[in-house]
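Report on the structure given below.
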Amino acid sequence: MSEKLLSAFTSLGVGGRADVTVVRDTFDVKEDDVILGRGTNVVVSDLGVGRRVLVVRCGGVETAGTRLTAGGGLPLSAVARAACASGLSGLEWAVGIPGSVGGAVVMNAGAFGGCMADVVSRAVIKTPCGEERLTAEEMRFGYRSARLPFGVVTRVTFDLAAGSAADALALAAGFNARRRAEQPSGRTAGSTFLSCGGVSAGYYIDRAGLKGFRVGGARISEKHANFIIMDEGGRADDFRRLADTVKLKVYSRFNVRLKEEVRYIGEFR
Ligand SMILES: Cc1cc2nc3c(=O)[nH]c(=O)nc-3n(C[C@H](O)[C@H](O)[C@H](O)COP(=O)(O)OP(=O)(O)OC[C@H]3O[C@@H](n4cnc5c(N)ncnc54)[C@H](O)[C@@H]3O)c2cc1C
């Protein structure tokens, strides 16, 4: 057992203690484990987590023609950049997303008109009962979601297209420049809320006058209203209370119910 602060494993830099196991090759999965990738889409309770936390770092990359298979724990951005650099097209939109390959499958991560559902053909999931191999159809991708059996996504296969490395890298660089221009830096979990009926959550939050609004050490970014930034001393509880307040204010002003894209882990008061 290795007790660690989960704040070290999340992009928000929040989260209390848990029994953490970093998994790479050989490991077992139990029914009540909590699974973390790069921790870029989660808000982990300040109270910690009373269950074992598996931090996924399964690696390895193989290519066969236009097919690329990557370990579920690898940074998606690095895999996408390597694909572009070797003349494989289809993951340009993913350069700059800070999550893992496995986390991106679970979330059906996407940007700039592309998403995992467009390019993933297969995944291997280690469940408490053994390994399952799923096709894209069996993963039932939806908007920022997939319906998977509980377990660790250990390997993901992408079906990409042959293209020009220079074109792919230039497209990725353009997307990244837009990311830097439109999104804030700092401790965030990316978009806090899902789009609602095709309208971005940021539109409502901005129109409700909430840019810069703060609860404790958590505040709505001035640059992008759907991003919550954690300032010095900010806690998961501040994030949760701020997100709840935003939901109430947007509902009372526009009659729109925002739903979190981020996932809460552990107990919140
Ligand atoms: C600055 C910033 C920009 C971002 N931009 C985008 C964007 O453009 N588009 C977008 O879609 N998202 C974006 N995100 C959100 C995030 O990076 C993605 O959702 C990413 O796919 C999450 O991957 P992760 O490894 O960090 O998952 P985590 O946050 O660790 O986990 C998310 C969920 O996936 C599960 N999970 C993680 N890894 C595995 C695994 N190997 N096996 C099984 N379950 C797993 C967890 O249990 C949890 O339910 C952004 C985040 C930040 C901080």
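Let's see how each residue does on (1) in contact with a Phe, Trp or Tyr (Cβ under 7 Å, 6 or more places away or on another chain); (2) free of Cβ contacts under 8 Å to residues at least 24 places away in the same chain; (3) away from the ligand (no atom under 16 Å from the Cβ); (4) in the same structural domain as VAL43 (by TED's automatic domain parsing):
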{"residue": "ALA208", "(1), (2), (3), (4)": "no, no, yes, no"}
{"residue": "GLY212", "(1), (2), (3), (4)": "no, yes, yes, no"}
{"residue": "ARG219", "(1), (2), (3), (4)": "yes, yes, no, no"}
{"residue": "GLU222", "(1), (2), (3), (4)": "no, no, no, no"}
{"residue": "GLU232", "(1), (2), (3), (4)": "no, yes, yes, no"}
{"residue": "ASP238", "(1), (2), (3), (4)": "no, yes, yes, no"}
{"residue": "LEU248", "(1), (2), (3), (4)": "no, yes, yes, no"}
{"residue": "SER252", "(1), (2), (3), (4)": "no, yes, yes, no"}
{"residue": "ARG257", "(1), (2), (3), (4)": "yes, no, yes, no"}
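Filtered by the rule that a residue be part of a loop (DSSP other than H, G, I, E, B) and within 9 Å of the ligand (Cβ to nearest atom), segment 58-75 gives CYS58, GLY72, GLY73.
Residue by residue, here is whether (1) in contact with a Cys (Cβ under 9 Å, 6 or more places away or on another chain); (2) within 30 Å of PHE254 (Cα to Cα); (3) surrounded by 14 or more Cβ atoms within 10 Å (Cβ to Cβ); (4) at pLDDT below 95 holds:
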position: VAL124; (1), (2), (3), (4): no, no, yes, no
position: THR154; (1), (2), (3), (4): yes, no, yes, no
position: ALA166; (1), (2), (3), (4): no, no, no, no
position: ALA172; (1), (2), (3), (4): yes, no, yes, no
position: PHE193; (1), (2), (3), (4): no, yes, yes, no
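Among residues that are of a type in the set (Lys, Arg), within 12 Å of the ligand (Cβ to nearest atom) and in contact with a Phe, Trp or Tyr (Cβ under 9 Å, 6 or more places away or on another chain), ARG38 is included.
Residues in segment 93-136 that are more than 10 Å from the ligand (Cβ to nearest atom) and outside any strand (DSSP E or B): VAL95, GLY113, ALA117, ASP118, VAL119, PRO128, CYS129, ALA136. Name every residue in segment 1-25 that is part of a loop (DSSP other than H, G, I, E, B), more than 13 Å from the ligand (Cβ to nearest atom) and crowded, with 16+ Cβ neighbours inside 10 Å, in order of residue number. Across segment 1-25, the qualifying residue is only GLY16. Kindly check whether there is at least one residue in segment 243-254 that is out of contact with any strand residue (DSSP E or B) (no Cβ under 6 Å at 6 or more places or on another chain), part of a loop (DSSP other than H, G, I, E, B) and exposed (fewer than 15 other Cβ atoms within 10 Å of the Cβ). No, segment 243-254 has no match at all. Within the option set ALA166, ALA161, ALA172, being within 30 Å of THR63 (Cα to Cα), under 21 Å from the mean Cα position of the chain (by Cα) and in the same structural domain as SER121 (by TED's automatic domain parsing) holds for one residue only, ALA172. For segment 142-178, taking the residues that are under 30 Å from GLY65 (Cα atoms) and of a type in the set (D, E, K, R), the one that is nearest to the ligand (Cβ to nearest atom) is identified as ARG144. Residues that are under 20 Å from the mean Cα position of the chain (by Cα) and over 20 Å from ALA136 (Cα atoms) within segment 61-112 comprise PRO75, SER77, ALA78, ARG81, ALA82, VAL95, GLY96, ILE97, PRO98, PHE112, listed in sequence order.
The values are calculated or read from the model by the stated rules, or taken from the named source; none is laboratory data. For clarity, every value in this text was computed on a predicted model and none was experimentally measured. Methodologically, a virtual Cβ is constructed for each residue, glycine included, from the backbone with ideal geometry; neighbour enumeration extends over all protein chains shown.
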